[in-house]
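Taken together, the values in this text are just the output of simple stated rules run on the coordinates, not laboratory data. Note that the structure is predicted; figures quoted are calculated from it, not measured. Reconstructed Cβ throughout: ideal geometry from the backbone, glycine too, with neighbour counts over all protein chains shown.
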Amino acid sequence: MDWPNFDIRAAANSAGIFKQNSKKSQGETNIPKDVLENLYGKDARECPRLNDGFIPVLSKSRPFDLIELEQLLQSVGWSQRPFQRVKRALSNSLLTVGLWKHDSRFPLLIGFARCTGDGVLEATIWDVAVSPIHQGSGLGKEIMKYILESLRDLGIERVTLFADPEVVDFYRSQGWTLEPKGHKCAFWYAN
Ligand SMILES: CC(C)(COP(=O)(O)OP(=O)(O)OC[C@H]1O[C@@H](n2cnc3c(N)ncnc32)[C@H](O)[C@@H]1OP(=O)(O)O)[C@@H](O)C(=O)NCCC(=O)NCCS
């Protein structure tokens, strides 16, 4: 495990990491505003339509079906966790983000991430996942942009995360820096 961290203020001024997608900035959307808000909440964001025609939507407030969430997390290779603990972890999180394949009746969960933190100064991102069949389409990056914008809105100044070695470059390419190993982080495990 490596421990990248992110200077959210510097990032705001660099490389357009907080830029909204071009469709949104041009005011072009596919889903009517009232439908978007009713289904996904006020802070929902439509992502650019993918090649196979569906519209991905990011939301901080649409509730999760725990079985659907666990299926998504297992699909990326993570082991199942007890539902009651997951439920409490979600409700204790600072932010939970769902990425949905839009459907006006049955949106499908295709991505997820959550953050813990004090809500003021520091936050840590966990459980970033995109369904394997939708990986490689820019959706992981959209989730990260949405999270960092949300954290910036809260005034949070430093964001950290754990990354497995095979995804370090995913974060590095988005402006994250790796802590020098053993210099600044410490870990304690219950078992
Ligand atoms: C890591 C993950 C969230 C990335 O999602 P994704 O939708 O496939 O990523 P994107 O398509 O947005 O990729 C964005 C960029 O990162 C690159 N990238 C994606 N996955 C990468 C990886 N594992 N290693 C290096 N670069 C990667 C892409 O090539 C793309 O580069 P580009 O902007 O130059 O085109 C996804 O692969 C996943 O869910 N993996 C399994 C769970 C996991 O390991 N999560 C991370 C926990 S620390």
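Quick notes
- Across all Cα atoms of region 149-191, the radius of gyration (one decimal) and Dmax (whole number) stand at 12.9, 36 Å.
- Descending semi-axes in Å of region 4-178, equivalent ellipsoid built from Cα gyration tensor: 23, 21, 16
- Toward the positive end of the charge dipole of the chain, with +1 on the Cβ of Lys and Arg and -1 on the Cβ of Asp and Glu, the farthest Cα among Ile67, Gln80, Asn38 is that of Asn38.
- Translational D in µm²/s for region 117-177 (Stokes-Einstein at 4 °C, 1.567 mPa s, Kirkwood Rh from C-alpha pairs): 104 µm²/s
- Per-pair calculated FRET efficiency, R0 = 25 Å: Asn30 and Gln135 via Cβ, rounded to 0.05: 0.65
- Here region 36-72 is scanned for amide nitrogen atoms under 19 Å from the site 7 Å beyond the Cα of Leu90 along Cα-to-Cβ, giving 38-45, 57-72.
- Electrostatic bookkeeping for Gln135 treats Lys and Arg as +1 and Asp and Glu as -1; over the other residues with beta carbon under 13 Å from its beta carbon, the sum is -1.
- For region 32-136, alpha-carbon Rg and Dmax in angstrom: 13.9, 40
- The label point for Arg158 and the one for Leu121, both projected 7 Å from the Cα toward the Cβ, are 0.8 nm apart.
- Across the chain, Cα pairs under 8 Å and at least six residues apart give a relative contact order of 28 percent.
- Shape box of region 67-111 [Cα atoms, principal axes, largest first, Å]: 30, 24, 14
- For Glu179, the amide hydrogen comes within under 5 Å of the amide hydrogens of Trp3, Asn5, counting only partners 5 or more places away or on other chains and with H modelled in the peptide plane.
- Cβ-based exposure ranking for Trp78, Trp176, in which fewest neighbours within 10 Å come first: Trp78, Trp176
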